Structure formats: structure tokens, C-alpha cells
Amino acid sequence: MMDVDLVNIGWFFGVVAALALLFAAGLKLPVRLGFTRRAISAALVIAAASGVVILANVALFRHDAHLDLTREKAFTPSAEASHVIRGLNEPVDVAYFFQKQNGAAVALGTMLRQLERENGNFRIRLIDADQNPALASSFGIRTYNSALLSAGGRRIEVVTTDDREIALGLLRLLRKREILICFAAGHGEYDIDNFEFHTHFEGASNHNHDASGLAVVQMEQHGIGRLRRALEKLGLSIRKVTFATGQPIPDDCSTLVEANPRTRYAPAETEMLRRYLERGGSAMVLVEPDYELDDSLDALLAQAGIKVGNGVIVDPKDHYFTDEQMIAVSRYGTHPVTRGLALSFYPSARPLELVRTQGVTTIPLIASSTEGYVIADRLGNNAAAAAGPRAAKLTAAASEGRISANATAPFRLFVAGDADFVSNSFFPYLANSDVVLAALAWLTREERAPTMKPPVEVLPTVTLTNDQMRGIFLVTVLLIPGLIAFAGGTMWWLRR
């Protein structure tokens, strides 16, 4: 489909109608006139036609329509970049030094011109680096296809032919404060210092992610490197913190991320986390079903309004592909974290419960379908649970408020009964990255700021839930052939 708004279409048909009306009026003019009257009539027609043409050109110039007929929409800005640029409320100058022989760079220049029309605060200057080498050198540009973004005395350089990278550069340029995301270390958490695109387990039988790979050895150099790189592209600072030695969690940590701990907390470590939350800190806690929480951490999370349960959620109705332990979710609780989310999935999640706590507001975010139930472990076949009453099982929740009477500021907390969905294996697929990035934006209190998801290179896929696959099967294999057979039989019966 062509991305043309109704206003531009209206202007186009309005100009065509005006020209048609002028032509029709010309046809109605009398032909048999004297020389003077003919001259006056011709002058009036010429003046009217010139006026209409001038006004039509002014209208088309002020309301230019963009038609991109390429299948890949190679000359159309991305929706993310348009959203960021429309939200600019201060002037930003962009000088793009492109290489004329690079088609992608030329296409980006075209898109930047289109984006310039969306907001007067976004000012573009396109410069051929080969024709203006001295100018490029004066700006400190040493690489082809470099964009120099500047605003309010700040400037950054982005080397790219992708408009989304320009938008990400704008977010970094306009950020008023430094945001530090601290990742907890010391309990075998997922590693952030890796560049692998895959987190995997080697099971007793083969390489997989499901329950048959429970007897596993977690491979080194796997973890959440993709998440870390996405945060860095957004201009956020990253740091590892270890508070097992009794050192307090630094106050400059905007958010603490505890992703897949493998060893139990000591009461002193839980106390460090408590004090951090009492000072108004924010935390993201992601725990796998096979992780045993110690009593102190379990009590602290319950005091914050969220009780972490045991077992593994099974969802026979909404799950990823054929694995009923991979919960597929398309409906969410109402919260800034879940605004506009599409389908996401959670490989092997444990259940959560909400706890009423004075001064704390807790919101359920992510849950299984109403057919969900809990089994003891990933390999268990808990027939009693499967046969019992079924209901939606909560697997992620958010809470905020004052955690105790000693709290000096309100905390924010996001807890999920699954950590794999942020790992390298599953982070870029469907809306998983949207979930974790939206949660971090809320935890850092930037949920109202313009944001976008950094591009992550993945193979194009189409992923459906079990219900969606069943529906497609019924429509394409049974309903449509059945209707064709019925129509054919009816015609045969009427003509026999």
C-alpha cells in the first residue's frame, strides 16, 4: 500500500477539480465576438488560468504528497523515525555528508528531506563529501555517509544510511540526564559482555530449548549481550554491580537489573536491595522456574506486592508453535509498560501472585490464557494439576510505592517469572524486545519520553500462536474447499 494521507489526496482532487472547472468555463465562452471583446475575453481567460495554475502550484508545494512505489519502501522514512522527529520540541540541525555513488546514502537524503517537512525544528543540510572535502574536514568528518547532529551546543556523529539510526542519534543527543542501567553480578546471572546471537543449552539428547534439555550445561559467553547493545544504542550507560561484599547499590543506578540469578541471595544482600528501594530505586527482577529464592528475597518481593510462586506454567491454548510451556501473549494489563505491545512469548515461566501491601500499587501485566495450569517442573507430568480447575496464570507484574515506613522516595519494580525472553535467543523476536525496553523506560521514569526500538538483525519470520494456526487450518483446509465443493455440487444439481 502507498503511504499517502487523506489531506494530500484532498488537495490533489481539489486542484484537479479547479482545473476541470476552468476548462468547462472556457468551453462556455461565446465564440462570435468582436475583436475587442475577444481580446478582453482572452485576457480574462489567460489571467484566470494563470492564477489557478499559480495557486495550484503553491498548494502542491505546501502540501507535497510522497508516493513510494518500491516494494521495500526504500524511499519512505520508517514509522519510528517519523514518530521521534514529530516529537521534537527544540531545533536540531543535521549535516549529512553522503557519497553520491552510494544509492542507500542518496535514499537516506531523500528520506531526511521528507522528515524535514514533518517538523520545522528538524533542519537538514545535505552535502556531497567528494565535492566539499574542505567543508567535511572543517566539521571533523572523516568517513563517508556521516551525519553530524547538533542541538543546544551538543553534537554527536552517526555513520549510517538508515533513518532509524538518525532517530536513535536524536534520542541520545536530546537526553537531558545520564541514565545508568546497573546489571547485578555475582550470582551467575546472564552475562552482558558477550556478542553471541544465541543462548543455548546442550541437553542429554540434543541441542534445544525445551524440557528435554533440562539436564544442561549452560555454555559460556552467552547471555543478554543483545539487550546491552540495544541499550547502548539508545544512549544509556551500562555498568555491572556486585553488592555481595556489603557495598551498597550506587545511588546513580537508575535501574538495577537482576537477570537469571543462579545462586541464592544472602540476607545481607537482600538488605542492600531493600535499602536501594527505600531510597526510591527501581529494579527489574527476572527469575527462572528452577531458581530457588531464599526467604529474605522472597519476603522483600512480597513486601513490594509480588509473590513469586513455584512450578512451570503450561498453556494448552496460547503457546508458541507446539511447546505448551512457551506462553504466547497478545493481551496485556493496562500499564505504561504494555502500551501498544504486540504478540510476545515466554519460554518456561513460573507463576506470580499479587500481594496487597499498604502504600504499594501492583498491576498485573502478562498472564497465560484461562486454560493455563502449573506443573511441578519442566519435566513433570502433573496429572492432578492438568485435570484441576484452570485459570489465567500471572507471569509478570509491576509495582510502585513506598516499600516501608523508612522509605524516603517511592520505588518501582518489574518482576517476571521468566528470564529467557530477554536472552540473545529470544530478545529480538516478536515483541519481546518491546516488553523489556518499555519496562526499562518505565523503571527509569522515561515512559513519556520519545523512544524507539534499536534495529536488531534477524531473519524474517512469521510466528503464530496455536489458536491462530488452528484457525488458518480450519479456514484454508476445511472451510474454503468445503464452500467450493458445495458450490460445485449446487451447480451440478441445478443443471442436471
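Residues in segment 147-156 that are closer than 17 Å to LYS233 by Cβ and either assigned to a loop (DSSP other than H, G, I, E, B) or modelled with pLDDT of 90 or more (or both): how many?
So the answer is 2.
Just a yes or no: is a residue in segment 75-94 surrounded by fewer than 16 Cβ atoms within 10 Å (Cβ to Cβ), within 26 Å of the chain's Cα centre (by Cα), of a type in the set (Ser, Thr, Tyr) and at negative phi?
The answer is no, given that none of the residues of segment 75-94 is surrounded by fewer than 16 Cβ atoms within 10 Å (Cβ to Cβ), within 26 Å of the chain's Cα centre (by Cα), of a type in the set (Ser, Thr, Tyr) and at negative phi.
Report, ordered by the first and then the second residue, all pairs with beta carbons closer than 6 Å, sequence separation of six or more or different chains, a first member in segment 254-266 that is farther than 16 Å from ALA398 by Cα, and a second member that is surrounded by fewer than 23 Cβ atoms within 10 Å (Cβ to Cβ) and of a type in the set (Gly, Ala, Ser).
If the second residue must be surrounded by fewer than 23 Cβ atoms within 10 Å (Cβ to Cβ) and of a type in the set (Gly, Ala, Ser), the pairs left are ARG262/GLY188; THR263/GLY188.
Of all helices (runs of 4 or more DSSP H) completely enclosed by segment 35-128, which ones contain at least 3 residues that are at pLDDT 85 or above?
By residue number, 79-86, 103-118.
Can you name every residue in segment 96-141 that is within 25 Å of the chain's Cα centre (by Cα) and more than 24 Å from GLU72 (Cα to Cα)?
ASN119, ASN121, PHE122
Tally time: how many residues in segment 230-258 are of a type outside the set (S, T, N, Q) and closer than 17 Å to ALA441 by Cβ? Walk me through it before giving the result.
Taking segment 230-258 and keeping what is of a type outside the set (S, T, N, Q), we get 230-236, 238-241, 243-244, 246, 248-253, 256-258.
If we keep only those that are closer than 17 Å to ALA441 by Cβ as well, we get 230-236, 238, 253, 256-257.
Matching residues across segment 230-258 total 11.
Residue-by-condition table, conditions (1) among the polar types (S, T, N, Q); (2) farther than 16 Å from ASP420 by Cβ; (3) in contact with a Leu (Cβ under 8 Å, 6 or more places away or on another chain); (4) modelled with pLDDT of 90 or more:
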position: ARG172; (1), (2), (3), (4): no, yes, yes, no
position: ARG177; (1), (2), (3), (4): no, yes, no, no
position: CYS182; (1), (2), (3), (4): no, yes, yes, yes
position: ASN194; (1), (2), (3), (4): yes, no, no, no
position: ASN206; (1), (2), (3), (4): yes, yes, no, no
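State which residue is farthest from VAL422 (Cα to Cα) when the search covers only segment 224-239 and only residues that are part of a helix (DSSP H, G or I) and not basic (Lys, Arg). Give the steps one after another, and end with the answer.
So the first thing to find is which residues in segment 224-239 are part of a helix (DSSP H, G or I), and the list is 225-233.
The next check asks that each one be not basic (Lys, Arg); those that pass are 225, 227, 230-232.
On the way: GLY225: 10, LEU227: 7, ALA230: 11, LEU231: 12, GLU232: 16 Å.
Among them, the one singled out is GLU232.
Give the residue that is modelled with the lowest pLDDT, with candidates limited to residues of segment 327-349 that are surrounded by 24 or more Cβ atoms within 10 Å (Cβ to Cβ) and within 25 Å of ARG378 (Cβ to Cβ).
It comes out as SER348.
From (1) assigned to a loop (DSSP other than H, G, I, E, B); (2) modelled with pLDDT under 90, pick out the condition that doesn't hold for GLU371.
Failing condition for GLU371: (2).
Does segment 388-437 hold any residues that are of a type in the set (Gly, Ala, Ser), more than 20 Å from TYR373 (Cα to Cα) and surrounded by fewer than 23 Cβ atoms within 10 Å (Cβ to Cβ), and which are they?
Quick first cut of segment 388-437, residues of a type in the set (Gly, Ala, Ser) only: 388, 391-392, 396-399, 401, 404-405, 407, 409, 416-417, 419, 423, 425, 431, 433.
Narrowing the set further to residues that are more than 20 Å from TYR373 (Cα to Cα) leaves 398-399, 401, 404-405, 407, 409, 423, 425, 431, 433.
Within segment 388-437, SER399, GLY401, SER404, ALA405, ALA407, ALA409, SER425, ALA431, SER433 meet the criteria.
All but one of (1) surrounded by fewer than 18 Cβ atoms within 10 Å (Cβ to Cβ); (2) in a helix (DSSP H, G or I) hold for THR245; state the number of the condition that does not hold.
That leaves (2) as the condition not met.
I'd like the full set of residues that are free of Cβ contacts under 8 Å to residues at least 60 places away in the same chain and under 13 Å from ARG350 (Cβ atoms), limited to segment 278-309.
TYR291, GLU292, LEU293, ASP298, LYS307
The values are calculated or read from the model by the stated rules, or taken from the named source; none is laboratory data. Note that the coordinates shown come from a computational prediction; the quantities given were computed from them, not determined experimentally. Note that we place each Cβ from the backbone using ideal geometry, even for glycine, and neighbour counts take in every protein chain shown.
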